[in-house]
Amino acid sequence: MSGHSKWATTKHKKAVIDARRAKSFAKLIKNIEVAAKLGGPDLAGNPTLYDAVQKAKKTSVPNDNIDRAIKRGAGIGGEAVEYQNITYEGYGPSGVALMIEVLTDNKNRAAAEVRTALSRNGGTLADPGSVAYNFSRKGVIVVSGEGTTEDDVMMAALEAGAEEIEPHAQGFEVITDPSNMVEVRKALQEAGLDYESADVEFVPNLKVEIDADTARKVFRLIDALEDSDDVQNVYSNFDLSPEVQAELETDDE
């Protein structure tokens, strides 16, 4: 599990404030536009677009916004979008490794915002390759734990080619090879198991356990990075013990 995903289960139990929600909408819309541009507007024939749309719907993005994003991405109606995918590598407090995915129409602006967020929050930009070696690209399917057992998930997912199942605070993460993600997702759906999201992510090969003080600093840095409209995802290699998670939970109370 990426450190960022684990943090999400701790941090987002409370209602998301309007400003963060609006930013989330914008990033989900951008994902839809890019998926439609690369694979066309047909959800049945474009699994990446299907998953992007499902994720947007789970986050309550209005259907009209989704439809317009698909048309913009596919170039229907004269509108067009041009985004660049860039991945930055960095270090956070105590040397925690970071992979920062950017989707932007202005490379210089995105680079400046990433550097500023890092430098103001105890982080540094790393040379290409110096962090990436510790991460692998994996399909990550998040399954709700409501009314679902780990055995249910394992039975459906492992037969379809999943590599492992990891329980977390609100359900399960199913880890797959990226090439198997769609098949595993379909198998879960056929088994009647609802999924929250299906994305190809950077998953750390080796995790580093951090204390609560370091965790707070890392979370502030991740928040600062995600405040940029151009930053789509931040992945990290930190791990949290149950004791540290419990201590962080009290911060929200």
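The values are calculated or read from the model by the stated rules, or taken from the named source; none is laboratory data. Worth saying up front: this structure is predicted, and the values here are computed from it rather than measured. Positions of Cβ are backbone-derived with ideal geometry, glycine not excepted, and every protein chain shown enters the neighbour counts. With ligands, DNA and RNA removed, areas are computed over all heavy atoms of the protein, side chains included. Shrake-Rupley method; radii C 1.70, N 1.55, O 1.52, S 1.80 Å.
Of the listed residues Ser60, Ser228, the order by accessible area with a 1.4 Å probe, largest first, is Ser60, Ser228. The simple spin-label model puts a point 7 Å past each Cα toward its Cβ; for Ile86 and Gln54 those points are separated by 3.2 nm.
Kindly provide the helix-only [θ] at 222 nm of the chain, computed as the sum of -39,500 (n - 2.57) over DSSP H runs of four or more divided by all residues, to the nearest 500 deg cm²/dmol? The helix contribution divided over the chain gives -14000 deg cm²/dmol.
Beyond a 25 Å Cα-Cα separation, which of these cross-linked pairs lie in this structure: Lys58/Lys217; Lys30/Lys207; Lys27/Lys207; Lys138/Lys207? In this structure, Lys58/Lys217; Lys30/Lys207; Lys27/Lys207 lie more than 25 Å apart at Cα.
Can you work out the FRET efficiency for the pair Asp177 and Ser24, with r the C-beta to C-beta distance and R0 = 25 Å, to the nearest 0.05? Given R0 = 25 Å and the Cβ-Cβ separation, E is 0.35. Length gained on full extension, Val200 to Ser241, computed as 0.36 nm times the residue gap minus the Cα-Cα distance: 12.2 nm. Heavy atoms of the protein chains alone define the surface here; on that basis the chain has 49 Å² accessible area per residue at 1.4 Å probe size. Simple rule: put +1 on each Lys or Arg Cβ and -1 on each Asp or Glu Cβ in the chain, find the dipole, and look at His168, Ser24, Ser144; the Cα lying farthest toward the positive end is Ser24. Using 0.36 nm per residue and subtracting the Cα-Cα separation, the extra length available between Met154 and Gln189 on full extension is 11.3 nm. Summarising the amide proton neighbourhood of Asp177: residues at separation of 5 or more, or on other chains, whose placed amide H is nearer than 5 Å comprise Gly139, Glu163. Among the GluC sites (Glu not before Pro) within the stretch 106-155, those in coil by DSSP and having at most 12 neighbouring Cβ atoms inside 10 Å are Glu146. Look at the dipole of the chain built from charges on Cβ: of Gly39, Gly192, Gln84, the Cα furthest out on the positive end belongs to Gln84. Can you list the DSSP H helices in the chain whose Cα atoms extend at least 15 Å along the helix axis and whose mean Kyte-Doolittle hydropathy is -0.5 or higher? Helices meeting the span and hydropathy rule in the chain are 18-39, 212-226. Shown is the FRET efficiency for His168 and Ile76, computed with R0 = 41 Å from the Cβ-Cβ distance and rounded to the nearest 0.05: 0.60. Pop out the carbon and sulfur fraction of the accessible area of the stretch 207-251 as a percent, whole number, probe 1.4 Å. That fraction is 44 percent.
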